[in-house]
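First up is the structure itself, then whatever we jot down about it.
Every number in this text was worked out from the coordinates using simple rules, so none of it is lab data. Every value quoted in this text rests on a predicted model; they were computed, and no experiment measured them.
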Amino acid sequence: MPTAVVVAGSPNNGALRACSTVAFEALIPIRGRPMVGYVVDALLGTPGIGEVLVVGPPELAGAVSGARVVPARAGIMENVLAGVDAAGASDPVLVATGDIPLLTAEAVADFLERCRETEADLYYPVIRRSVVEARYPGVRRTYVRLREGSFTGGNLFLVRPGVARKVADVAERLLLYRKHPWRMGGMIGLALPVKYLLGRLTLREAEERVCRMLGVRGAVVISPYPEIGVDVDRPADLALVSEILSSP
């Protein structure tokens, strides 16, 4: 039973500040409740999930009923490691960001089931562009064009605790570049950006190169659930998500 860790320590000092003046993005209200609450509910409702930990400021305690708040550190991977350390187990940890309020228990359970099909240390989901746009027309996402089609990355992953510590520094840079395919391609190898521009880079080639760079066994999981990848970064994202969650 993996522990779930929700990373929710980002201060609200970016584009979303125009929508709400709360101190942290995870506390931005959607339909009268904090955004992170939707993520926590999805994880608590997923069969097979053990404890749910939320890494963030103490102010989150009242917004995440059923979860334990862990003090945030500086940096994305530092907060992931804070959750891994708090979990205190050798079993894989499921990490999610606090800004994917469309997440459902069904989507999480499907991802975990697909992870069981392959033996790896780190699992990362991607979603086809056609699937995202069919479910949520008009949503804006960053896509990577590969030989198999265009994909966007998910905002959760499954990782073994020892591996999380091993790859923390490199993974931090990859996460920062996740919305800039060219910069990420340059980081993982000169030949890959060229193949990417020509539309000849395959999903397996990208997976293998990242795994070699990190020194781990990794697996890309193609998910049919766009809810995993629709995060809230901009006011337009917040408006769209609010509209979707307000629908019957």
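Among G215, G154, G83, which one shows the biggest mean-square fluctuation in a GNM of the chain, springs joining Cα atoms closer than 10 Å? Taking springs between Cα atoms under 10 Å, the residue moving most is G215.
Cα centroids of the stretch 122-171 and the stretch 15-68: 21 Å apart.
Just checking the listed ones, L94, L103, L214: in the Gaussian network model of the chain with Cα springs under 10 Å, the one fluctuating most is L214. Largest GNM mean-square fluctuation among V216, V55, V159, using the chain with Cα springs under 10 Å: V216. For the stretch 95-163, what log10 I(q)/I(0) values come out of the Debye formula at q = 0.14, 0.16, 0.18, 0.19 1/Å, with one point per alpha carbon and no solvent? Ignoring solvent entirely, the Cα scatterers give -0.50, -0.65, -0.81, -0.90. Ellipticity at 222 nm from helices only: DSSP H runs of n ≥ 4 in the chain, each -39500 (n - 2.57), divided by the residue count, give -11000 deg cm²/dmol. Taking the alpha carbon gyration tensor of the stretch 41-135, multiplying each eigenvalue by 5 and rooting it gives semi-axes of 23, 17, 14 Å, largest first. The value obtained for the chain, namely the Cα convex hull volume divided by the number of residues, is 119 Å³ per residue. Secondary structure note: in the chain, about 45% of the DSSP beta bridges are antiparallel.
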